[in-house]
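Read-outs: derived from the displayed coordinates by stated rules, not from any lab. Bear in mind the structure is a predicted one, so any value in this text is a computation, not a measurement. When we count neighbours, we look across all protein chains shown, and the Cβ atoms used for this are built from the backbone with ideal geometry, even at glycine.
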Amino acid sequence: MERESVRSVEERSEYLTEIIKIILTHEHADAVLGLDDIRAVQPFSPTNDIDPTPIYLSHYAMESIAVKFPYLVKKKLAEGQEVRRVAQLDWRIIEESIETPFLASGLQFVPLPVMHGEDYICLGFLFGERCRIAYISDVSRFPASTEHVISKDGAGQLDLLILDTLYRTGSHNVHLCLPQTLEAVKRICPKKTLLIGMTHEFDHHVDNKFLKEWSEREGIQVQLAHDGLRVPIDL
């Protein structure tokens, strides 16, 4: 068992060294508090003399992160300040608009503004040319313009939708829960959906069995995602 665990850690570490770009959905703690740990997958330099990793984010997120992580944003040291090894990031501002896509590693991303509670806009992203994929991690409601862009009856059917679902039952003010998620999936009608962001009350195998039955009944494939999942996609 110990040997398996070591190999698993090594495999994950090898995979993590492939990070070349970062795209932020929003600036809440669960989305940004690991930013300084990006240094672990960057070349080692005690003086931070490396090429920074590009990171794409909204202007609002940039302002918030500048307060949370001033040392990751300000590069000039004050007089007498010691050099410390920190993550090197190249901050690139994007618009919170479907009408303003951006390129990262030669791939076009379309920002998808969604409501994360009625007082906050979070971003999902639409990307892919051969396959259309939408990633939406934190959402309680879809504005009509965003839903149109990702729905089968709107701008075209998604090949894959990766979507928020917090609780197994009930509802939540800033997240979709499984009942609302499945209603959204029926409206959007992607070819395949992977659910993310679940709490511990989900039983992965039991609930995936339920979702398999739901999928067969509705004609839309839906399953819970899991840590370490890899999805081969022809972008």
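Over the residues of the chain, the helix contribution to mean residue ellipticity at 222 nm works out to -8000 deg cm²/dmol, using -39500 (n - 2.57) for each DSSP H run of at least 4.
Simple point charges give the picture: +1 on the Cβ of Lys and Arg, -1 on the Cβ of Asp and Glu, and for the chain a dipole about the Cα centre of about 280 debye.
A dipole drawn for the chain from +1 and -1 charges on Cβ atoms has a positive end, and of Leu35, Pro143, His172 the residue lying farthest that way is Pro143. Which residue, chosen from Ile188, Gly219, Leu72, occupies the Cα position most advanced towards the positive end of the dipole of the chain, where the dipole is computed from +1 (Lys, Arg) and -1 (Asp, Glu) charges on Cβ about the Cα centre? Of the options given, the answer is Gly219.
If you wrap region 95-235 in the convex hull of its Cα atoms and look at it from every side, the mean projected area works out to 8.6 nm².
Using r as the Cβ-Cβ distance of Asp51 and His226, and R0 as 41 Å, what FRET efficiency do you calculate, to the nearest 0.05? It comes to 0.80. Within a straight-line Cα-Cα reach of under 16 Å, Lys76 cannot be paired with any lysines, leaving aside sequence neighbours fewer than 8 residues apart in one chain. Taking 7 Å steps out from each Cα toward its Cβ at Ile93 and Glu213 produces label points 5.2 nm apart. Taking a Cβ cut-off of under 15 Å around Gln108, the surrounding Lys, Arg, Asp and Glu residues balance to a net charge of +1, with basic ones at +1 and acidic ones at -1.
Other residues lying with their Cβ under 13 Å from the Cβ of Ala155 contribute a combined charge of -1, Lys and Arg counting +1, Asp and Glu -1. Given the pairs Lys152/Lys186; Lys186/Lys212; Lys152/Lys192; Lys186/Lys209; Lys152/Lys209, which are separated by over 20 angstrom at their Cα positions? Among Lys152/Lys186; Lys186/Lys212; Lys152/Lys192; Lys186/Lys209; Lys152/Lys209, the Cα-Cα distance tops 20 Å for Lys152/Lys209.
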